[in-house]
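The structure appears right after this line, and notes come after that.
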Amino acid sequence: MADVPPNELKAAIAEGRALIVCGAGVSRAATDGAAPGWAQLIREGLAEAAKLNGGRDKPWVKACEALLASDEVGDWLNAADDIQKKLGGPTGGLYRAFFKQRLGGLKATHPAILSALKRLADAGNRLA
């Protein structure tokens, strides 16, 4: 039997007061797996940042690799923060170029997923 959403959640969505948290799985599902998962994207970001900042032998790269070897989400987030800084931060040209190159060509092969999210947002629900 499929999971049935609790009535409180259904009411919050119907009233436009829900917060819908969408992770990389939504992008992966909408693109038939062409979009990377967050772990893959972080690793690809590290490779790009290393290439642009002196190579994989740098201590900061080794430190990030050690964090990515962990099972702790906080360690992964710390590595992602370091990688982001090496690519110039969220508004930096290298950071934006990396995402444009990696994600800019993706096409939704299952647009109904994205349409459903739009309908949720149009009803007043917040998407994150």
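The values are calculated or read from the model by the stated rules, or taken from the named source; none is laboratory data. For clarity, every value in this text was computed on a predicted model and none was experimentally measured. Here the Cβ positions follow ideal geometry from the backbone for every residue, glycine too, while neighbour counts run over all protein chains shown.
Please enumerate the residues belonging to segment 18-44 that are under 30 Å from Gly124 (Cβ atoms) and β-branched (Val, Ile, Thr).
Once the filter is applied, which keeps residues that are under 30 Å from Gly124 (Cβ atoms) and β-branched (Val, Ile, Thr), segment 18-44 yields Ile20, Val21, Val26, Thr31.
Applying the selection to segment 14-33, what residues are over 13 Å from the mean Cα position of the chain (by Cα) and assigned to a loop (DSSP other than H, G, I, E, B)?
Matches in segment 14-33: Glu15, Gly16, Arg17, Ala18, Thr31, Asp32, Gly33.
With (1) touching an Asp or Glu at 6+ places or on another chain (Cβ under 7 Å); (2) modelled with pLDDT under 95 as the list, and Thr91 as the residue in question, which single condition is left unmet?
Only one criterion in (1) touching an Asp or Glu at 6+ places or on another chain (Cβ under 7 Å); (2) modelled with pLDDT under 95 is unmet by Thr91, namely (1).
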